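The values are calculated or read from the model by the stated rules, or taken from the named source; none is laboratory data. In this text, all values refer to a predicted model and were calculated from it rather than measured experimentally. A quick note on method: Cβ atoms are made from the backbone with ideal geometry, for glycine too, and the neighbour counts reach across all protein chains shown. When the accessible area is computed, the model is the full protein with side chains, heavy atoms only, and any ligands, DNA or RNA have been set aside. Shrake-Rupley method; radii C 1.70, N 1.55, O 1.52, S 1.80 Å.
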Amino acid sequence: MVSFEMNDLKKIGLGLTGFGIFFSFLGIVFFFDKGLIAMGNILFLSGLGLTIGLKSTMQFFTKPKNYKGTISFGLGFFLVLIGWPFFGMLLEAYGFIVLFSGFWPTLAVFVQRIPIIGWIFQQPYVTSFLDRYRGKKRVPV
C-alpha cells in the first residue's frame, strides 16, 4: 500500500489548488472576469506545484504526450491575461481535459466508492458509460 504523507507544504498546496478552482469558478460566474480567472489560474498552478512538488510538476507538464494540453493551457492562460477571458477559458478547459485525461478513470472509481453519490454511479447505464471511456489505462491511486 502506498502512503501519501501529508506535510505542511502539501496541505498548503491543496488549499491553494482549491482556492484556484474556486476563484476560476467565480470568474466564470461573474461573466468571465479576467482578474478572478487569472488569480484562479495562478493559485491552481502554485497549489499543484506545492502538492506534488516542483520537479514532478515540471515533469508532468513537459512530457511529450502532454505537450498539446500544456500548450493549450498556457495559451489559454495568456489569453486570459491579455483580456480575452472567454476564449482563454475555452483553451484552458481543453488543455485541462487533455492533461488530466489519464486521471478520469481513477476519479470514476473513487466516485463510485463514495457512500451516497456512489450508488448513482454504480447503476448499470452509468457504469457502461464510464467503462466505455475507461480504456486500458488506469492511474494507480
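Descriptive notes on the structure:
- Candidates are the residues of region 1-52 that are in contact with a Lys or Arg (Cβ under 9 Å, 6 or more places away or on another chain) and either assigned to a loop (DSSP other than H, G, I, E, B) or touching a residue at least 40 places away in the same chain (Cβ under 8 Å) (or both); the one that is least open to solvent (accessible area, probe 1.4 Å) is GLY27.
- Subset of region 75-99 [more than 17 Å from LEU36 (Cα to Cα) and not aromatic (Phe, Trp, Tyr)]: LEU75, GLY95, ILE97, VAL98, LEU99
- Residues satisfying the stated conditions in region 60-85, i.e. open to solvent by 100 Å² or more (accessible area, probe 1.4 Å) and part of a helix (DSSP H, G or I): PRO64, LYS65, TYR67, LYS68, ILE71, PHE78
- Applying the condition of being modelled with pLDDT under 85 and under 30 Å from THR57 (Cα atoms) to region 113-132 and asking which residue is nearest to the chain's Cα centre (by Cα) yields LEU130.
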